[in-house]
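Peer 1: Please find one structure pasted underneath; my questions will follow.
The values are calculated or read from the model by the stated rules, or taken from the named source; none is laboratory data. On a predicted model such as this, the values are computed, not experimentally measured, just so you know. Note that each Cβ is placed from the backbone with ideal geometry, even for glycine, and that neighbours are counted across all protein chains shown.
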Ligand code: NAD
Ligand code: UDP
């Protein structure tokens, strides 16, 4: 039996597919390649010695899913597929609800039809919204999201909760990621954003490799130790391992459950820049800019629930996140292209 990984050619998906193959799981990837390249999976195949099957297709293509699930070969689904750019989601909300919410509904309906009842979903710390106090803990209310992207994650969590309540065979785990960074230590796979990066680490890495002139720091007047925003960065390989632990926990669990996947501590933008400078051995030009709309000052995870119930915790620190990001960026200055 195989694990279906939607969005498995993307950043977090490709690292998770590699971790699944490395421990001997069979994997089928469904990805429309709207934000990824099939090259990521060719490299995963090289690294693991096993080729995951890639189906180039869309989760909203009901017939495609029906045919795939009807083979009886799929036991569980890890659902990464979706759009993820917060700023773009405010300009293109319908595309975000269409991909992230409608797409998930099609997937869930076809899973139910085929009797596939185990799902892991990529949620986000953003579901805690602007009012939650730090550290974020799963018992806190979710809601008050500040972008259509965040609201799409919130809506899917609600759908999963209701679906699991209505059907006792269905079990789902939502993993609320904090800030994924880093790359596989081989430097062969990593994050490959199209255009100018929205996220901090790929931006810093592209400055270091000479693709961008300077990092703009979005605000240095927050109520944080150095005035810049604080986030909980998590190495993508730790995150990938969290999915394996969650997959193993699914058969033991009933209904719907959400877990934070974070390191449990925060770093500021300037701390991240300094740590990257250590890794790449050069100083990086930085300019202070205005705050970015919708940004929060500081948040990090209480990750103790995943520790207790999934036996998962991070094992990679900041220096490793930076060294691995730099190795990937240096070896692949233009990503997979
Ligand atoms: P990514 O864009 O690299 O991966 C998403 C993959 O899904 C891509 O390969 C893309 O081609 C594919 N895809 C998109 N829409 C699709 C569709 N309709 N049908 C089939 N495939 C489709 O993003 P990522 O960083 O790997 O994120 C994976 C998941 O984790 C996303 O759901 C994202 O919202 C969530 N997440 C990411 C972060 C982050 O900072 N990277 C944080 C929290 C949550
Ligand atoms: N950030 C920044 N410059 C950039 C990108 C991000 O100063 O070019 C800051 C941002 O304001 C936040 C932190 O870096 O404080 C992490 O931002 P990112 O977009 O990576 O993650 P998110 O805001 O979604 O947590």
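Peer 1: Any idea which residue in region 293-316 is nearest to residue 239 (Cα to Cα), counting only those that are at pLDDT 95 or above and exposed (fewer than 14 other Cβ atoms within 10 Å of the Cβ)?
Peer 2: Once the filter is applied, the top-ranked residue is 315.
Peer 1: Conditions first: (1) in contact with a helix residue (DSSP H, G or I) (Cβ under 9 Å, 6 or more places away or on another chain); (2) without any contact (Cβ under 8 Å) to a residue 12 or more places away in the chain; (3) within 26 Å of residue 202 (Cα to Cα). Residue 51 passes all but one, so which condition is the exception?
Peer 2: Single failed check for residue 51: (3).
Peer 1: Given the conditions (1) within 16 Å of ligand 2 (Cβ to nearest atom); (2) more than 30 Å from residue 117 (Cβ to Cβ); (3) in contact with a helix residue (DSSP H, G or I) (Cβ under 9 Å, 6 or more places away or on another chain), report the number of the one that residue 177 does not fulfil.
Peer 2: (2)
Peer 1: Follow-up. Quick check: anything in region 202-215 without any contact (Cβ under 8 Å) to a residue 24 or more places away in the chain, more than 16 Å from ligand 1 (Cβ to nearest atom) and touching a helix residue (DSSP H, G or I) at 6+ places or on another chain (Cβ under 7 Å)?
Peer 2: Within region 202-215, one or more residues are without any contact (Cβ under 8 Å) to a residue 24 or more places away in the chain, more than 16 Å from ligand 1 (Cβ to nearest atom) and touching a helix residue (DSSP H, G or I) at 6+ places or on another chain (Cβ under 7 Å).
Peer 1: Right, another one. Go through region 219-249 and give me each residue that's part of a helix (DSSP H, G or I) and within 16 Å of ligand 2 (Cβ to nearest atom).
Peer 2: 236, 239
Peer 1: Suppose we filter region 39-69 for residues that are closer than 22 Å to residue 194 by Cα, surrounded by fewer than 18 Cβ atoms within 10 Å (Cβ to Cβ) and more than 10 Å from ligand 1 (Cβ to nearest atom); how many remain?
Peer 2: Result for region 39-69: 2.
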